[in-house]
Amino acid sequence: MSGSPPTSGIKTLTQNRKARHDYVILDALEAGIALVGTEVKVLREGKGSLVGAYASVDAKGNVLLHNVTIPPYDFGNRFNHDSLRVRHLLVHKSQARKLKAQVEQKGNTLVPLSLYLSKGRVKVELAICRGKSAPDKRETIKRRDANREARRAISRHFR
């Protein structure tokens, strides 16, 4: 389980930038996602959204992805997909059990960080997260600004 998807042969389709701001990422993993053909076409066009999306593990051990917005395909027909349907994530049973155990701990949640193409397949980067408090968010912003200023000073010095 790594912090980000592998970089070779990867095309990022959509990211959940707000998740990195609102949550502390404890662990991340790659999972497949069960999609219909028109959903893949829309995602390849870059029209999907992960805003407000989350994942859950049901009683049977299925990992489900909720509130992912994939709009209907423009050239679709009456068999076009529902834009907010619940989608199944493809993980091993042992991974699903671990995710369920970690989510049951107080304060943890499953959040999708990004959707990307890997070898022609749509994958989701799923993270176990804990919510940040307001002071934590301010501290993150301060640290990011300080790092940015340090990089600027170094680049000015070497010009």
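The values are calculated or read from the model by the stated rules, or taken from the named source; none is laboratory data. In this text, all values refer to a predicted model and were calculated from it rather than measured experimentally. For neighbour counting, all protein chains shown are included, and Cβ atoms are generated from backbone atoms with ideal geometry for every residue, glycine included.
Quick notes on this structure:
- Contact map, segment 83-95: residues that are farther than 19 Å from residue 111 by Cβ paired with residues that are part of a strand (DSSP E or B), Cβ distance under 9 Å, separation 6+ or inter-chain. Pairs shown: 83/69.
- Check on residue 55, within 15 Å of residue 113 (Cβ to Cβ) and among the small types (Gly, Ala, Ser): yes
- Picking from residues in segment 73-89 that are of a type in the set (A, V, I, L, M, F, W, C) and surrounded by fewer than 16 Cβ atoms within 10 Å (Cβ to Cβ), the one that is nearest to residue 33 (Cα to Cα) is 86.
- When residue 115 is tested against (1) without any contact (Cβ under 8 Å) to a residue 60 or more places away in the chain; (2) under 13 Å from residue 39 (Cα atoms); (3) not polar (S, T, N, Q), exactly one condition is not met: (1).
- Matching entry among 106, 137 (being over 14 Å from residue 55 (Cβ atoms) and touching a residue at least 12 places away in the same chain (Cβ under 8 Å)): 137
- Filtered by the rule that a residue be charged (D, E, K, R) and outside any strand (DSSP E or B), segment 115-146 gives 119, 132, 136, 137, 138, 139, 142, 143, 144, 145.
- Here the condition is being surrounded by fewer than 10 Cβ atoms within 10 Å (Cβ to Cβ) and at pLDDT 90 or above; of 93, 106, it holds for 93 alone.
- For the residues 127, 146, the requirement of being exposed (fewer than 11 other Cβ atoms within 10 Å of the Cβ) and among the hydrophobic types (A, V, I, L, M, F, W, C) singles out 146.
Yes/no per residue for (1) surrounded by fewer than 10 Cβ atoms within 10 Å (Cβ to Cβ); (2) under 20 Å from residue 43 (Cα atoms):
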{"residue": "118", "(1), (2)": "no, yes"}
{"residue": "132", "(1), (2)": "no, no"}
{"residue": "156", "(1), (2)": "yes, no"}
{"residue": "159", "(1), (2)": "yes, no"}
